[in-house]
1. Please go through region 21-38 and give me each residue that is in contact (Cβ under 8 Å) with a residue 24 or more places away in the chain and in a helix (DSSP H, G or I), ordered by number.
2. Going through region 1-20 one residue at a time, which ones are of a type in the set (S, T, N, Q) and in contact (Cβ under 8 Å) with a residue 12 or more places away in the chain?
3. Of the numbered conditions (1) over 20 Å from residue 8 (Cβ atoms); (2) touching a Lys or Arg at 6+ places or on another chain (Cβ under 8 Å); (3) free of Cβ contacts under 8 Å to residues at least 12 places away in the same chain; (4) among the hydrophobic types (A, V, I, L, M, F, W, C), residue 41 satisfies every one except a single condition; which is it?
4. Only one of 36, 30 is at pLDDT 95 or above, among the acidic types (Asp, Glu), within 12 Å of the chain's Cα centre (by Cα) and surrounded by 12 or more Cβ atoms within 10 Å (Cβ to Cβ). Can you tell me which?
5. Quick check, is residue 63 of a type outside the set (Lys, Arg), surrounded by 12 or more Cβ atoms within 10 Å (Cβ to Cβ) and part of a helix (DSSP H, G or I)?
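The values are calculated or read from the model by the stated rules, or taken from the named source; none is laboratory data. Just so you know, these numbers come straight off a predicted model, no measurement behind them. Positions of Cβ are backbone-derived with ideal geometry, glycine not excepted, and every protein chain shown enters the neighbour counts.
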Amino acid sequence: MADAEAAKSLSGLLNGIAQKVYYNNSEITEQLLKRELFPELPQDAFTALHDKMRGLIKVNDLLIWVFNRSCS
């Protein structure tokens, strides 16, 4: 059950970051995501997790761009 909750929180974090990055949703803040999804996590650990997930989203964007360029 703990794994399912962790996966749900991680998915919510990725969705929140995507909302902020792609749709400029100013209501989504790092503090909101921490409070709602990872309240028990120390701030420094959450910041590290947030930064890693944001990095994954950026890498994904780059891979999509490269793929689209190679198919053109």
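1. 21, 36, 37
2. Once the filter is applied, which keeps residues that are of a type in the set (S, T, N, Q) and in contact (Cβ under 8 Å) with a residue 12 or more places away in the chain, region 1-20 yields only 9.
3. The single condition residue 41 does not satisfy is (1).
4. 30
5. no
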